[in-house]
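Asker: I have a structure I would like to understand better, so I am pasting it below and will then ask my questions one at a time.
The values are calculated or read from the model by the stated rules, or taken from the named source; none is laboratory data. Computed from a predicted model, the values in this text were never measured in an experiment. Every residue, glycine among them, receives a Cβ derived from its backbone with ideal geometry; neighbour counts consider all protein chains shown. These accessible areas exclude ligands, DNA and RNA; they are computed on the full protein's heavy atoms, side chains included. Shrake-Rupley method; radii C 1.70, N 1.55, O 1.52, S 1.80 Å.
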Amino acid sequence: MSDQPKPAFGVGSFMWHELATRDQAKSMEFYTALLGWKYEEMDLGPNGKYQIIKAGEGPGVGGMMEMKDGWGDLPSHWAYYIDVEDADASVKRVEELGGKVMHPATDIPPGRFAAIQDPAGAHVYVMKPTEHATEPPRPEPGHFLWVELMSHDFEKAKAFYCELLGWKSTEMPMPDGAYTLFENGNGQVGGGMQMPKEVPAEAPSFWVGYIHVPDIDKSVKTAEGEGAKLLMPVMEVPNVGRFTHIQDPTGAVVAIMQPAPMG
């Protein structure tokens with residue numbers, strides 16, 4: 001997280017946020033209660049229904065799908081897509097840099113994507129969209145405003161992403177140690193840090209998205225009332241905002257954040 005960041009867009013930035021859930025109906029009900037989201041349904045045939053997540057007017061802020069056959073025992077989870085110029089070239093580079101390709105480059109209606117794992121174990125998607133974004137995302141309630149990497153080997157992961165995506169990294173001092181900011185050519189992509197020592201080693205490295213809420217205390221109360229678990233106390237970073245991580249009723253982890261007032 002950063003002091004009033006200029007959000008990145010286009011190549012090298014996060015372009016899509018997607019929930020793969022074990023219970024789509026329960027997930028839709030929860031996030032509507034928490035964030036006021038609405039949905040536009042797409043029929044995927046044998047793969048079920050895909051929901052485009054809407055937060056007010058404008059384009060969708062993400063998607064939601066129910067996990068059908070082929071997902072094994074994976075729990076519900078949020079996934080994040082990074083815009084790239086060439087999905088196939090990115091996949092090749094992933095392997096050269098010590099990462100793993102979890103799903104090969106594949107065409108889908110809005111572009112070509114692949115699932116990858118960085119050398120420290122975190123999963124993310126790369127995608128060449130049919131059209132790259134030409135303006136920054138809207139900093140409004142219900143929209144994702146940040147994506148963050150928590151890694152058991154952050155230095156290795158940082159080097160991987162900077163080589164793969166051309167990101168630049170800078171450090172921001174924090175009470176519990178340095179926090180790294182990632183940037184592309186037009187703004188801040190996201191951030192990350194070394195996993196705290198108290199986190200069990202079996203807990204995997206992961207990316208987590210932060211969703212803008214206007215009142216964090218009200219949102220926490222609503223989330224818990226709708227069956228979510230609060231994974232950490234609400235924290236405050238001066239000039240940034242107040243936030244927490246929650247586990248929704250189907251098991252997916254995401255963060256909610258009330259940004260600090262703009263100066």
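Asker: Which condition does Val189 not pass, out of (1) within 20 Å of Gly62 (Cβ to Cβ); (2) out of contact with any Lys or Arg (no Cβ under 7 Å at 6 or more places or on another chain); (3) open to solvent by 40 Å² or more (accessible area, probe 1.4 Å); (4) of a type outside the set (Gly, Ala, Ser), if it passes all the others?
Answerer: Checking Val189 against (1) within 20 Å of Gly62 (Cβ to Cβ); (2) out of contact with any Lys or Arg (no Cβ under 7 Å at 6 or more places or on another chain); (3) open to solvent by 40 Å² or more (accessible area, probe 1.4 Å); (4) of a type outside the set (Gly, Ala, Ser), the one that fails is (3).
Asker: Restricting to the range 1-30, give me the number of residues that are open to solvent by less than 40 Å² (accessible area, probe 1.4 Å), under 23 Å from Ile82 (Cα atoms) and of a type outside the set (Asp, Glu).
Answerer: Matching residues across the range 1-30 total 11.
Asker: Looking at the range 68-79, is at least one residue under 19 Å from the mean Cα position of the chain (by Cα) and loosely packed, with under 14 Cβ neighbours inside 10 Å?
Answerer: Yes, the range 68-79 contains at least one residue that is under 19 Å from the mean Cα position of the chain (by Cα) and loosely packed, with under 14 Cβ neighbours inside 10 Å.
Asker: Name the single residue that is farthest from Phe14 (Cα to Cα) among those in the range 67-118 being touching a Gly at 6+ places or on another chain (Cβ under 8 Å) and modelled with pLDDT under 95.
Answerer: Top of the filtered list is Lys68.
Asker: Search the range 11-53 for residues being assigned to a helix (DSSP H, G or I) and of a type in the set (Gly, Ala, Ser), and hand back the single one that is modelled with the lowest pLDDT.
Answerer: Gly45
Asker: Looking for something open to solvent by 50 Å² or more (accessible area, probe 1.4 Å) and more than 30 Å from Phe30 (Cβ to Cβ) - is there at least one such residue anywhere in the range 111-119?
Answerer: Within the range 111-119 (the criterion being open to solvent by 50 Å² or more (accessible area, probe 1.4 Å) and more than 30 Å from Phe30 (Cβ to Cβ)), the answer is yes, since at least one residue qualifies.
Asker: With Glu198, Glu202, Glu140, Glu171 as the choices, which residue is modelled with pLDDT under 95, open to solvent by 40 Å² or more (accessible area, probe 1.4 Å) and within 22 Å of Lys54 (Cβ to Cβ)?
Answerer: When all the criteria are applied, what remains is Glu140.
Asker: Looking at the range 94-110, is at least one residue under 18 Å from the mean Cα position of the chain (by Cα) and surrounded by 16 or more Cβ atoms within 10 Å (Cβ to Cβ)?
Answerer: no
Asker: Further question on the same structure: Can you name every residue in the range 57-89 that is under 14 Å from Gly251 (Cα atoms) and not in a strand (DSSP E or B)?
Answerer: Answer for the range 57-89, where residues must be under 14 Å from Gly251 (Cα atoms) and not in a strand (DSSP E or B): Met67, Asp73, Leu74, Pro75, Ser76.
Asker: Which residues, counting only those in the range 226-244, are surrounded by fewer than 17 Cβ atoms within 10 Å (Cβ to Cβ), free of Cβ contacts under 8 Å to residues at least 60 places away in the same chain and more than 18 Å from Arg22 (Cβ to Cβ)?
Answerer: Passing the criteria: Leu230, Leu231, Met232, Pro233, Val234, Met235, Glu236, Pro238.
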